[in-house]
Amino acid sequence: PMEAEAEARLLLQEARESIEAARSYRRELEQRLRGLQQARQQIRESATLTRDVLEQHFNDLKGTLKKLLDERLMSLLQEVDAIEQESIKPLDECQKLIEHGVSTANDLLREGESAVHGDVGQQNEKLCSFTKKALHIQLDSLPEVPSLVDVPCLSAQLDDSLLTILKNQIFRHGTVASCPPVQLEEFVEKPGGILVRWCKVDDDFIPQDYRLQYRKSTASHFEDVYVGSEMEFMVLHIDPKVDYQFRVCARGDGRQEWSPWSVPQIGRTTLVPHEWTAGLEGYSLSSRRNIALRNDSQSCGVLYSKAPTYYCGQTLTFRQVLSGIETVGQPDRRDSLGVCVEQQNGCDSLQRDKAVCISTNGAVFVNGKEMTNQLPAVTSGSTVTFDMEVVQLGPSSNEGGNFKLRVTISSNNREVVFDWVLDQFCVSLYFGCSFLYPGWKVLVF
């Protein structure tokens with residue numbers, strides 16, 4: 001009986017495992033079925049959209065061609081009218097002159113016949129008057145009439161090769177692609193932004209430029225956000241927790257036209273945008289409060305973020321933006337760009353305890369102490385990034401702290417890496433900046 005019971009339990013276990021395997025198998029099949037349905041839907045939707053685009057394009061072409069042909073016809077007809085009027089005008093003037101001469105000759109003939117057949121007593125007087133009039137009219141002077149070879153004979157020269165050229169161009173116009181040469185690859189959430197990456201999927205396609213577009217899920221039209229040779233772009237001014245649709249295309253080397261668009265994909269960020277704190281007298285902020293400009297106020301101090309929005313595992317980026325004049329402010333050894341555990345009002349620099357920063361001369365400070373390693377100086381257009389990760393929790397540090405962050409600061413293709421020891425658990429930090437002289441303008445993202 002015990003062996004039978006054990007065998008029954010074994011069979012029951014095997015049956016349950018088979019049932020679970022069948023369920024898993026069914027889930028996989030259902031998932032693949034959904035994938036097939038999505039693929040079929042994409043083919044049909046893209047085919048319908050392509051038909052609509054082709055029909056609209058060729059209808060527009062037909063309308064444009066008809067308009068251009070009508071305009072050309074009107075231009076040629078106007079040219080015919082102008083030549084006709086210009087050529088007929090001297091003939092009309094000559095005709096008036098001849099008709100006037102015919103009328104004068106008729107009058108002279110009547111007067112001469114009357115003088116010849118008139119009364120004898122008045123005959124001499126009439127003949128004398130007639131003779132004088134005939135001499136005055138100059139009956140031997142006739143107006144010149146142009147011969148037919150000297151006047152225009154209008155005709156139209158129409159080159160039938162235009163139809164051949166148009167036919168060849170039309171038959172080569174447009175292509176239908178089954179797959180675009182580039183596709184979207186990755187979306188990385190950033191505070192108030194999305195880092196979009198794409199890749200080339202056609203080995204035979206040699207790209208020259210890429211073109212990235214996006215739109216809100218509620219918008220009807222895409223808009224350009226990037227055109228260039230890079231294969232990633234940071235899209236800023238993204239509203240958190242809102243879906244955005246992205247697509248990318250490319251332009252081949254030496255070509256003018258763009259390739260077909262990639263399959264549109266949805267990207268979003270759940271991270272609120274970085275903002276500077278408003279109201280500090282020495283700084284002016286942009287409308288989105290992500291750009292701070294050191295103004296010419298005599299007041300100085302550290303400008304902090306509105307909240308501790310920088311989290312370990314993210315990349316914090318400061319970019320020196322050009323102002324109206326293409327220069328930056330005069331540097332000072334107390335200038336700072338960095339992060340800190342908490343705000344401390346009354347300080348004129350981040351070169352203090354519980355903060356890490358870089359000065360505009362490239363010096364790196366950790367808890368107020370300058371490191372021996374130094375980065376390039378911050379100048380016009382410079383980009384400085386901070387990356388942090390937790391490397392130690394607990395009381396085992398020999399330096400007295402129980403929380404350690406691995407910090408990487410990069411500037412102008414160089415970086416320094418060090419451990420930042422803190423006495424408290426902290427994964428969200430404030431960022432800040434301080435500049436003594438006006439002209440510095442910093443974007444944070």
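The values are calculated or read from the model by the stated rules, or taken from the named source; none is laboratory data. Keep in mind the model is a prediction, meaning the values are calculated, not measured. A quick note on method: Cβ atoms are made from the backbone with ideal geometry, for glycine too, and the neighbour counts reach across all protein chains shown. Protein only, heavy atoms only, side chains kept; ligands, DNA and RNA dropped before computing areas. Shrake-Rupley method; radii C 1.70, N 1.55, O 1.52, S 1.80 Å.
A few remarks follow.
- Subtracting the Cα-Cα distance of T379 and L12 from 0.36 nm times their residue separation leaves 124.8 nm of extension gain.
- Probing with 1.4 Å while keeping every protein chain in the model, the per residue accessible area of region 283-444 equals 46 Å².
- Theoretical ellipticity at 222 nm over the chain - DSSP helices of four or more residues, -39500 (n - 2.57) apiece, nearest 500: -12000 deg cm²/dmol
- For region 226-353, carbon and sulfur atoms together expose 48% of the accessible surface, with a 1.4 angstrom probe and every protein chain in place.
- A straight chain from A22 to A307 at 0.36 nm per residue would run longer than the Cα-Cα distance by 97.5 nm.
- Residue-wise HN-Hα coupling along region 192-199, computed from phi with Karplus coefficients 6.51, -1.76, 1.60 (Hz; x: Gly, Pro): x, x, 9, 8, 9, 10, 9, 9
- Among V391, V145, V366, residue whose mean-square fluctuation peaks in a GNM of the chain (springs only between Cα atoms under 10 Å): V145
- Only helices reaching 24 angstrom along their own axis (Cα) with mean Kyte-Doolittle hydropathy no lower than 1.6 count here, and not one DSSP H run of the chain does.
- Pair-distance profile P(r), taking every C-alpha pair of region 294-377, with 10 angstrom steps and integer %: 15, 46, 34, 4
- Calculated FRET efficiency, L91 to D60, Cβ-Cβ distance, R0 = 60 Å: about 0.80 to the nearest 0.05.
- For the options Q42, Q213, Q13, a Gaussian network treatment of the chain with springs between C-alpha atoms closer than 10 Å singles out Q13 as fluctuating the most.
- Placed amide H near I238: partners under 5 Å, 5+ positions off or other chain: G193
- Kirkwood hydrodynamic radius (C-alpha pairs) into Stokes-Einstein, region 2-157, 25 °C and 0.890 mPa s, D in µm²/s: 90 µm²/s
- Think of the chain as a dipole: +1 on every Lys or Arg Cβ, -1 on every Asp or Glu Cβ, centred on the Cα centre; then among L350, A134, H100, L350 lies furthest on the positive end.
- Top positive-direction residue, dipole computed over region 144-289 with Cβ charges, set Y244, P264, I206: Y244
- The residues of region 1-83 expose, per residue, 93 Å² of accessible area to a 1.4 Å probe.
- When the chain is treated as a Gaussian network with alpha carbon springs shorter than 10 Å, the biggest mean-square fluctuation among L142, L316, L405 belongs to L142.
- Both radii were evaluated on the Cα set of region 182-269; the Rg over Rh quotient, with Rh as the Kirkwood radius, amounts to 0.97.
- Dipole magnitude for the chain: about 1780 debye, using +1 per Lys or Arg Cβ and -1 per Asp or Glu Cβ, origin at the Cα centre.
- Cα convex hull of the chain, projected area averaged across orientations, nm²: 51.8 nm²
- Coupling constants for region 258-269 follow from the phi torsions by the Karplus curve (6.51 cos²θ - 1.76 cosθ + 1.60, θ = phi - 60°), and in residue order they are 8, 6, x, 6, 5, 5, x, 9, 9, x, 7, 10 Hz; glycine and proline get x.
- Leading residue at positive end of dipole, region 283-444 (Cβ point charges), from A377, P331, T309: T309
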